[in-house]
Amino acid sequence: MKILIVSATYIEIEPLLLQFSFESAINQKLKSYTYNNHEIDVLIPGVGMTCTAYWMGKTLSSKLYDISINLGLAGSFEDHLIVGQTVHITSDQISELGAEDGESFLSLIDMDLIEDEDYILNHGKMKNTIAIQNPVIDALENVSAITVNTTHGDDSSIQKIKELFNPQVESMEGAAFFYACLFEGITCSQIRTISNKVEKRNKDNWDIPLAVKNLCSTGLHLINSL
């Protein structure tokens, strides 16, 4: 099977990559590995939507994949989603894409600048209709996400974003990954592990090592079950 794994940074999936056999560097962001009977390309585009969108487009224009997997960390808006828990993102949206109108927020759809079918949207959300069918993914909790340029760390902005979109988790790349895969028709899944609660920035409450460990363990189980 030809697999594309996408992660914003190397550190998020380093333990997983140590299980693979390195083959070659295709370019500065994309490396080729083998594992069991799989050909696995690993794309590390960098943090944020811009890097992810560019490198996803460049990568998918030059090679075909059977599936694509986005592995990364996320912040949780909900108390029941605890640090170290791995979840399956089934819908995502770019929460900042629109305009302020006083205290109100207008999406591009509100302003008649795009239509749902132009964007693979359902009421403003990108819903993954071509998710990987796999028992490891089925065992994860399905959640909705927002993708942001600035992670939330202020009580007032957190409350406002909850009222607007009612997200469960946030990342800085997920919607860009979905956008590329959904338009190209590539079976895909976005898998993330909670590294922190979305709150006023308090790194004492974060646990990056635990989140990376659990993310890579899930990633390995997923690939072993393909």
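A short reminder: the numbers here are calculations on the coordinates, not readings from a lab. Keep in mind that this is a model prediction, so the values were computed, not measured. Here Cβ is always computed from backbone atoms with ideal geometry, including for glycine, and neighbour counts include all displayed protein chains.
Left without a cysteine partner by the 4.7 Å Cβ rule in the chain: Cys51, Cys216. Kirkwood hydrodynamic radius, computed over distinct alpha-carbon pairs, for region 116-226: how many Å, to one decimal? By the Kirkwood definition, the hydrodynamic radius is 15.6 Å. For the set Lys127/Lys162; Lys160/Lys213; Lys29/Lys213, the pairs lying more than 28 angstrom apart at their alpha carbons are Lys160/Lys213. Modelled label positions at Leu164 and Glu14, each set 7 Å beyond Cα in the direction of Cβ, lie 3.5 nm from each other. In plain terms, the chain from Glu141 to His221 could stretch by 27.2 nm, reckoned as 0.36 nm per residue minus the Cα-Cα distance.
Sorted on the mean count of surrounding Cβ atoms within 10 Å across their residues, most packed first, peptides 12-24, 181-193, 47-59 read 181-193, 47-59, 12-24.
About the centre of its Cα atoms, the chain shows a dipole size close to 940 debye [charges on the beta carbon of Lys, Arg (+1) and Asp, Glu (-1) only; nearest 20 debye].
Three semi-axes describe the equivalent ellipsoid of region 2-224; taken as square roots of 5 times the Cα gyration tensor eigenvalues and ordered largest first, they are 28, 21, 15 Å. Here the Karplus curve 6.51 cos²θ - 1.76 cosθ + 1.60, taken at θ = phi - 60°, turns the phi angles of region 152-166 into couplings of 7, x, 10, 4, 5, 6, 5, 5, 5, 5, 5, 5, 6, 10, 6 Hz, with x standing for Gly and Pro. Of the residues Met172, Asn128, Asn27, the one whose Cα sits farthest toward the positive end of the charge dipole of the chain, with +1 on the Cβ of Lys and Arg and -1 on the Cβ of Asp and Glu, is Asn27. Can you compute the modelled spin-label distance between Phe22 and Ile82, with each label point 7 Å from Cα toward Cβ, in nm? Going from the Phe22 label point to the Ile82 one covers 3.7 nm.
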